[in-house]
Amino acid sequence: MEERSAQFIKGEEKGALYDAYNLLHTLAQDFQKPFDAPAVLVVGHQSSGKSALIEALMGFQFNQVGGGTKTRRPVALRMQYNPKCESPQCFLQGDDGVERAKTLGEIQEYIESENSRLENDPVRCFDSREINIRMEYKFCPNLILIDTPGLIAAPKTPKGSSANMQSRALQASAKEAEKLVISKMRCKDYIILCVEDTADWKHGQTREIVQKADPDLSRTVIVNTKLDTKIPQFGDPEDVEEFLKAPIVSKLAPHKLGGPFFTSVPSGRVGSGDSYLFRTDDEFVSSCADNEEKDREVVKSRLKAGPLVTKALLPRVGISRLRGFLERRVDECYRRNVAKIVPLLQAEHAAASTRLKACEAELDSLSIERLKAGADAFCDGFCASLKEAIHGSVVAPPGTFGETLAQENLKAGSFHDRCAMAVSERGWERLVVSDVGNRDHRLYGGSQYHRALREFSLATKCLRLPTITEDEVANAAGVGDTHDGVNFLRAACVIAVEKARTSFDPLLDSLKLRTNHIMDNLFPVAEYMLRQKMERQSKNKGRNDGSEIITNPQFRELVKTIFENFIEECSESCMRRCRDDLTALTRYITWDLNERSSGALRRSLPDQGDIVSVYQVAVASNEKAKKADKTTPAKHEGAADVSERALVKPAEYGNRQISANPNERERDYYNLLQLMEEAACARDANRTNLVVSGLVQHIVAQWRESFGKSVCTKFNCFYLLPFVEEFQRHLRSELQRVYEGDMTHIFDLDESKRVLQRQVDDLKNECAANKRLQEKFDSVSQMLQEQQKEGGGGNAQQKAPTRGGNKKANGRR
């Protein structure tokens, strides 16, 4: 009778403990409080049997199971044992924080719809927000299980080669999933269930990732799934024993929390169709129990090391053994954390009470003037946050507001895709990694802007020099008004001006789109930073006057419109200056021989090899002239000698000053004479194409460098700096214009009162729930203390006779 009474008291105490933590979890979810109830976080790679293991632990099926990514949002399952529930009773928490009763089918549809949404999302593949489900069932343990997205084993790209688009997408998804899972594992109150699907303990992919958050595995329980398929792989009993003992795991992680456990789950699904193996969840639970018995019998038959070894290893086999171990560990966490919960609740209650008093005072003194003061304070704070985001900040989480270069290119376009580049796509990616940097980092604000300018600078350097067709050269050559010779410089300038405009304009438009996109993203960043700052101030000093204006959607939309218009004004102003520079750069060509030395014109022509072919026409014509004119051989011979000497120019000739030596002056004279003769009196297509193409590419190459530097300077001075120096004055002036007109649609007193009243009601509810929860945990703590005292007294009573008996026994000896 006493034993039954003790069990009843223990069960009552345990129920009160779980009930208190369920209330704590509800308070944390409803009022966004930092209370983390002890939970089991399930981590594993895709197709490792993770979701099937969770269903076996719960006692019913509800999730998508199979290959590929079936879980893209963590699913938090708050399970409660209820022997009265013959079928699972499920409740889904919506985005508004309200818990609603749902059927299993409705919950499955919701999870599948979320998976489909994220699968088609162009920006991200996973979402760290948990899908919160509470369920009561006769087979449920008292646990909170969190099912995380399956880790992806993406293939590595060999050195010296580049991954294709599909491989890069898979690698990006793998990194995103791993980052999400690691962030979840960092919570110290979570027990990590590491799911491995391996027959060789030397290789543990999941274990390696878990150790990034829990290096010594002191919070980790290891479980190996699909045991029924692994035992047949071992030929010798010694191999089976070594696999079950996992000595290498114990050596590598001697402080691990538990395991390894070994489980197998039946592969059939619950349903009414012919393709379903089980008709009800009861059949599924019975099949899980049968599988466990079969696995234990197989292990007994394969082990031949003796009963002691078998007895030591069998407790690791089976779902029920794993479930019992997890329940005991979570129960220990519950009991251990009871003492520290009450002080946390008291601190939160004091902060909520302070905010409640400030809200009530604000509600009593609400007026138009206070709302205007709040609007002005909001503007000043918003501009300060905007400057901080441009200068550099980490207040806004990069995972939420930042963008990688690939995400930015997807939304606002890439320089490489919009403009003709001289490098391939693979070469461009290598240059982006080496010259731009931060390709895979999520940036916002000034850091993202600077990355875009670095990419623009790289794009100007890699811009493909224009290709000039023979038709263009022939049309640009034309005929002069005094002679029919080719004016190489004029033809080159005509083509260069047109080619430069068609090359530089798309690059400039792309930069405008990119910078506007970056600045558009700054509005929610600055708003978030301001809200965080105001929330911290309200916790310490109470509410600021008129701060409820930030919850007014009309006022927020007004500020956003002013911000977007300012972006457009700065963009247009900067683009006008850039286009003026571009026009000045391409409209008139200056051959500054003093600045670039007398070799500038020579360097603008084709190289030494090509220049020989340019003058081959002259060689041929001179040879024909010698053969044709036999009457004056000496004269032509001298001319031919001079011409032949002038055909190939030494490499150093154009880089030195013209010598005063008479022989060199004579040679220079004949060189000049020959060049003028060819330019004025002959029209050869090959020569003209080579010379004009060389000149055009030289001109555009020089413009390209000047264009890149000039545009970067203009954007820094006339696009970025106005947001730091002028936007606050502009915002104040625009708001002043609004104040002078009709303000009823912005400063609506009735709406502001309703907002404040809702906040007052929410704070009152929070304080009341907090107070009830404190009383609940106080009673649980008192029950635990009484149980410890009774347990200690019982142990003392049991030990006393033993010590007395030992004395009597010693006396008899």
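The values are calculated or read from the model by the stated rules, or taken from the named source; none is laboratory data. Just so it is clear, the model here is predicted, and its values are computed rather than measured. Quick reminder, even Gly has a Cβ in these numbers, built from the backbone with ideal geometry, and neighbours come from all protein chains shown.
Among the residues making up the stretch 90-129, those that are outside any helix (DSSP H, G or I) and within 30 Å of Glu283 (Cα to Cα) are Cys90, Phe91, Leu92, Gln93, Glu99, Arg100, Ala101, Lys102, Thr103. Can you tell me which residue within the stretch 130-142, out of those that are outside any loop (DSSP other than H, G, I, E, B) and under 20 Å from Ala52 (Cβ atoms), is nearest to the chain's Cα centre (by Cα)? That would be Ile131. Within the stretch 143-153, at least one residue is assigned to a loop (DSSP other than H, G, I, E, B) and under 17 Å from the mean Cα position of the chain (by Cα).
Restricting attention to the stretch 101-127, the residues being surrounded by 15 or more Cβ atoms within 10 Å (Cβ to Cβ) and more than 19 Å from Ala169 (Cα to Cα) number 7. Here Glu705 does not qualify as modelled with pLDDT of 85 or more and either under 29 Å from Ile518 (Cα atoms) or touching a His at 6+ places or on another chain (Cβ under 8 Å) (or both). Within the stretch 467-480, does at least one residue satisfy the condition of being at pLDDT 85 or above and either of a type in the set (Gly, Ala, Ser) or more than 28 Å from Trp428 (Cα to Cα) (or both)? No, the conditions are met nowhere in the stretch 467-480. If you check Pro74, Pro141 for being touching a Gly at 6+ places or on another chain (Cβ under 9 Å) and buried (at least 17 other Cβ atoms within 10 Å of the Cβ), only one passes: Pro141. One residue stands out among those in the stretch 160-180 that are modelled with pLDDT of 75 or more and hydroxyl-bearing (Ser, Thr, Tyr): the one that is surrounded by the fewest Cβ atoms within 10 Å (Cβ to Cβ), which is Ser167.
Number of residues in the stretch 296-342 that are in contact with a strand residue (DSSP E or B) (Cβ under 8 Å, 6 or more places away or on another chain), farther than 20 Å from Pro141 by Cβ and touching a residue at least 60 places away in the same chain (Cβ under 8 Å) equals 1. The residues of the stretch 562-596 that are assigned to a helix (DSSP H, G or I), farther than 18 Å from Cys717 by Cα and at pLDDT below 90, listed by number, are Thr583, Ala584, Leu585, Thr586, Arg587, Leu593, Asn594, Glu595, Arg596. If I filter the stretch 498-529 down to residues being surrounded by 22 or more Cβ atoms within 10 Å (Cβ to Cβ) and not aliphatic (A, V, I, L, M), which single residue comes out as nearest to Glu572 (Cα to Cα)? The selected residue is Thr515.
Here Lys294 qualifies as in a helix (DSSP H, G or I) and either at pLDDT 90 or above or in contact with a Phe, Trp or Tyr (Cβ under 9 Å, 6 or more places away or on another chain) (or both).
Residues checked against (1) closer than 30 Å to Ser287 by Cα; (2) surrounded by 15 or more Cβ atoms within 10 Å (Cβ to Cβ); (3) in contact with a Lys or Arg (Cβ under 9 Å, 6 or more places away or on another chain); (4) at pLDDT below 80:
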| residue | (1), (2), (3), (4) |
| --- | --- |
| Ile319 | yes, yes, no, no |
| Pro343 | no, no, no, yes |
| Ser365 | no, no, no, yes |
| Gly399 | no, no, yes, no |
| Cys419 | no, yes, yes, yes |
| Ser424 | no, no, no, no |
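Scanning the stretch 755-764 for residues that are modelled with pLDDT under 75 and within 30 Å of Ile562 (Cα to Cα) turns up at least one hit.
Residues that are without any contact (Cβ under 8 Å) to a residue 60 or more places away in the chain and part of a helix (DSSP H, G or I) were ranked within the stretch 718-737; the one that is nearest to Leu508 (Cα to Cα) is Leu721. Just one of (1) within 26 Å of the chain's Cα centre (by Cα); (2) over 21 Å from Asn142 (Cβ atoms); (3) modelled with pLDDT of 65 or more fails for Gly67. It is (3). Evaluated against (1) under 21 Å from Leu41 (Cβ atoms); (2) free of Cβ contacts under 8 Å to residues at least 24 places away in the same chain, Lys256 falls short on exactly one condition, (2). In the stretch 526-536 there is at least one residue matching the filter, namely being closer than 30 Å to Ala373 by Cα, of a type in the set (Phe, Trp, Tyr) and either at pLDDT below 65 or assigned to a helix (DSSP H, G or I) (or both). Residue pairs whose Cβ atoms lie under 9 Å apart, separated by 6 or more positions or on different chains, with the first residue in the stretch 394-418 and closer than 14 Å to Ser447 by Cβ and the second assigned to a helix (DSSP H, G or I) and basic (Lys, Arg), are Val395/Lys533; Glu403/Lys411; Leu405/Arg451; Glu408/Arg451; Glu408/Arg514.
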